[in-house]
Each structure stands twice: as structure tokens, then as C-alpha cells.
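J.: Take this structure, written in C-alpha cells, and hold onto it; I'll ask about it next.
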Amino acid sequence: MLINRLSFNGLRNLSAVDFEPGSGINLIVGANGSGKTSLLEGIHILGMGRSFRTRQLRNAISHDAQSMTLFARLDGEPPVPIGIRRSRDAPELEIRMGGERVERLSQLIETLPLQLVNPDAFRLLEGAPAGRREFLDWGVFHVKHGFFDAWRRARRALKHRNALLRRDRMDAKSLSAWEHELAHWGDRVDSLRSDWMAEFLPVFEETLSQLLALPDLTLGYSRGWDRKRSLLDILEQGRATDQQMGFTQQGPQRADLRIRLGRHPAVEVLSRGQQKLVVTALKLAQGRLLEQTTGQSCLYLVDDLPAELDARHRQVFCRLLESMRCQAFITSVEHDALVGPWQSQTPLEMFHVKHGSDGSGTLVPQAQIDFMTE
């Protein structure tokens, strides 16, 4: 679904925002600290229920406000309104969709799928496995029916097994029951991840080839335990060492993506610009597979477009994004770097975030930008 209206109140340094974005490429320009990234953050919270800038959502509330209210209206028959409210003194989000209260974040994530490309995107390559696992599971969740239920059950079984491992006296009967539960749902999670990976790989490889020539780059899936042994066998035989460690050492919670160039981890060989293009290809391929499989479009948030990319690769990226006919919100402090790479008969929407006299950021719609081709 496309966003056709956004309204933010109490979000960081932004003044009240209420505007109608375009259905395609939305360009957001402004000085450092004006609030460009905050706009993307608000959209990210609407789609994910959390910020990409802070773990504590109350930190995203404006200093002079007691609460933050975010609203989006999605295209549809009828349109679908999404609202999120976070009070400074409330422990949880209040989420409403279509006028009804939503209890599970999974409903929010399913309704507004989005991908973020920002200066922290390198963590997908160089960071801990948890980030790559989250990327993997986002794709499986949106494409594979039943994944969320299997993932939730496996997580519950893992939590109970770990709790039993940390007890002074091991309850063998209870431990065995939860091990069987974890093995069953862990195998199911692994199967769905493997199936998704087989579908994702050709889409990723084709997407990457349009951005960068890296024929030796490989993407592999590691399930988190020895492929030659069953998970149940590993859990049963590993009780003693797991008890010493205080947690389950092997299982679906240890899954990872291996991104390599030849024999080396890609992050050790690629330049920063190449790394950004690889991560970008991963993110765009997520959305492309989602659309191919379900017909649902993905929203893209791109913060600081010129960062780590020269003019030629910015152009290649923008032309690919444009060819996907998706909705995107893209920021930069450089007007020319933001406007220059596009060449299309499809209008682009330009917005300017300006500093107010009180230090707040104000969103000012600019004239629609049309490109004429010879």
C-alpha cells in the first residue's frame, strides 16, 4: 500500500507535520539537524513500531511535548488509517489501524512493509548476526505463510529451555519436553528460511548485477546448528555444556547469512561504497521478491543518499529504484545531489525541511519537479 498522507506531532525537533507525499519518489532536502532524518524515523515507527535511531521511543518525543502522535493514511478501498501514540510516561505504544486497536506489532509490520537504507546500513555486513537474522526473518515473515507462528513457538520453547538450564537442579522431564518443542518448531523455522533463501538468491544476484559487478560475491544461509545432525540430538547431547554456559548454544536463534567475496568475508575486502551498494541490493531485492510473490509493494527509506556513493553510482541506484515504480522517501543536505540522478517523465515530489526561529524543523513542499527527455 502507498502512503497518501502523513501527520506527525511531537516528533523530535519537527514542528507539526501534515502533508501528502507523492506515490513515487519523494525527495527531502534540508540542512543538517533540520529534521530530515526525523521524518524517515516517523515513517519507520509507523511501519515497524520502533525507531532506527534509539531503543527507547520516549527519546523520540519532542522535549517540550508529553506525547508523540504519528499518523499515516494508506491507499485502499477504503483507505487504511494507521495511528501510533507514545506518551512519555506510558510503557507501551498505542496502535490503531482502521479505527481498531492493534495488540500485535506483527499486524503493523505486515500492513506497511518497508526497508531502510541509511549510514548505519553497513551493520548488515559488519555487525552481529542478530541484524542479518532480522533481515532474513523480515523477508520470510512477509512471504512464507505460517512463519511467524513457527518462529514464535520456537522462541517460546527456547526461552523455557534456557530458564531450566539456569536452575540449580535440572528438571530433566521438563527439559526434554521443551527440547522436543524447540526441535520441532526450530526445524520448521529452518525449512521456511531455506525455502525463502532459494527464492531470494536469484533476485538478489540480478539486483546486485544492476548496481555493481561482483561476480565472486556469494550469499549463503547458515541455519545455526550442524547440518549433519538433528537439532533434537544436539539439544539432548549438549545439555551439560549448555547448562555450564547458561543458554542454548545451537538452534534457529543462531542462524546467520554469510556474505563472502571469494574466500573472504565481503566486509574485509569491499570498499565502503561497494559495501553500501551490496547492502542496497539486499534491501531492494527484499522488496522485489515481496512484490513478485505477494503483489504487495514495499516502501523504501533512504537517508543521506550521497553518503559513500559517487555521482555515477548514485545515478545507477536512482535509475534502478525508479524502474521499480515504488514509493520512496530520500533525504540529502545537497539539493543537486538529490535531484540530479533522476531521468524520468514521472514527476518527483520535492520537500524542503527548514530550521525555524525556535530551532524546530518545518516541512515546506516545493514545486513538483518534472524532467523532460529529448
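The values are calculated or read from the model by the stated rules, or taken from the named source; none is laboratory data. These numbers were taken from a predicted model, which means no experiment stands behind them. Reconstructed Cβ throughout: ideal geometry from the backbone, glycine too, with neighbour counts over all protein chains shown. What goes into the accessible areas is simple: the full protein's heavy atoms, side chains included, and nothing from ligands, DNA or RNA. Shrake-Rupley method; radii C 1.70, N 1.55, O 1.52, S 1.80 Å.
J.: Before we move on, is Arg188 out of contact with any Cys (no Cβ under 9 Å at 6 or more places or on another chain), of a type in the set (Lys, Arg), outside any helix (DSSP H, G or I) and at negative phi? Explain how you work it out, then say what you get.
T.: Working: out of contact with any Cys (no Cβ under 9 Å at 6 or more places or on another chain): yes; of a type in the set (Lys, Arg): yes; outside any helix (DSSP H, G or I): no; at negative phi: yes.
No.
J.: Return a yes/no flag: does the range 299-306 have any residue that is among the hydroxyl-bearing types (Ser, Thr, Tyr), on the phi < 0 side of the Ramachandran plot, in contact with a Leu (Cβ under 9 Å, 6 or more places away or on another chain) and modelled with pLDDT of 90 or more.
T.: yes
J.: Limited to the range 66-78, what total is found for residues that are at pLDDT 90 or above, open to solvent by less than 70 Å² (accessible area, probe 1.4 Å) and in a loop (DSSP other than H, G, I, E, B)?
T.: 1
J.: Another one. Yes or no: Arg188 open to solvent by 70 Å² or more (accessible area, probe 1.4 Å) and under 17 Å from Gly139 (Cα atoms)?
T.: Taking the combined requirement at face value, the residue satisfies it.
J.: Okay, next question. Which residues, taken from the range 315-349, are under 26 Å from Leu112 (Cα atoms), charged (D, E, K, R) and either assigned to a loop (DSSP other than H, G, I, E, B) or open to solvent by less than 40 Å² (accessible area, probe 1.4 Å) (or both)?
T.: Glu322, Arg325
J.: Further question: Please find, among Arg123, Arg133, the residue that is touching a helix residue (DSSP H, G or I) at 6+ places or on another chain (Cβ under 9 Å), within 18 Å of Ala255 (Cβ to Cβ) and at pLDDT 95 or above.
T.: On inspection, the qualifying residue turns out to be Arg133.
J.: For the range 243-299, name all the residues that are open to solvent by 50 Å² or more (accessible area, probe 1.4 Å) and of a type in the set (Ser, Thr, Tyr).
T.: Ser271, Thr293, Thr294
J.: Separate question: Being part of a loop (DSSP other than H, G, I, E, B), open to solvent by 20 Å² or more (accessible area, probe 1.4 Å) and more than 23 Å from Val102 (Cβ to Cβ) is true for just one of Ser34, Ser23. Which residue is that?
T.: On the way: Ser34 fails: open to solvent by 20 Å² or more (accessible area, probe 1.4 Å).
Sole residue among the options that is part of a loop (DSSP other than H, G, I, E, B), open to solvent by 20 Å² or more (accessible area, probe 1.4 Å) and more than 23 Å from Val102 (Cβ to Cβ): Ser23.
J.: If you don't mind, another one. I want to confirm something. Restricting to the range 49-64 and keeping residues that are open to solvent by less than 80 Å² (accessible area, probe 1.4 Å) and not in a loop (DSSP other than H, G, I, E, B), which single residue is nearest to Ala90 (Cα to Cα)?
T.: For the range 49-64, the residue satisfying everything is Leu57.
This table checks each residue for (1) under 23 Å from the mean Cα position of the chain (by Cα); (2) open to solvent by less than 50 Å² (accessible area, probe 1.4 Å); (3) at positive phi.
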| site | (1), (2), (3) |
| --- | --- |
| Trp138 | yes, yes, no |
| His142 | yes, yes, no |
| Trp151 | yes, no, no |
| Asn162 | no, yes, no |
| Arg167 | no, no, no |
| Leu175 | no, yes, no |
| Glu179 | no, yes, no |
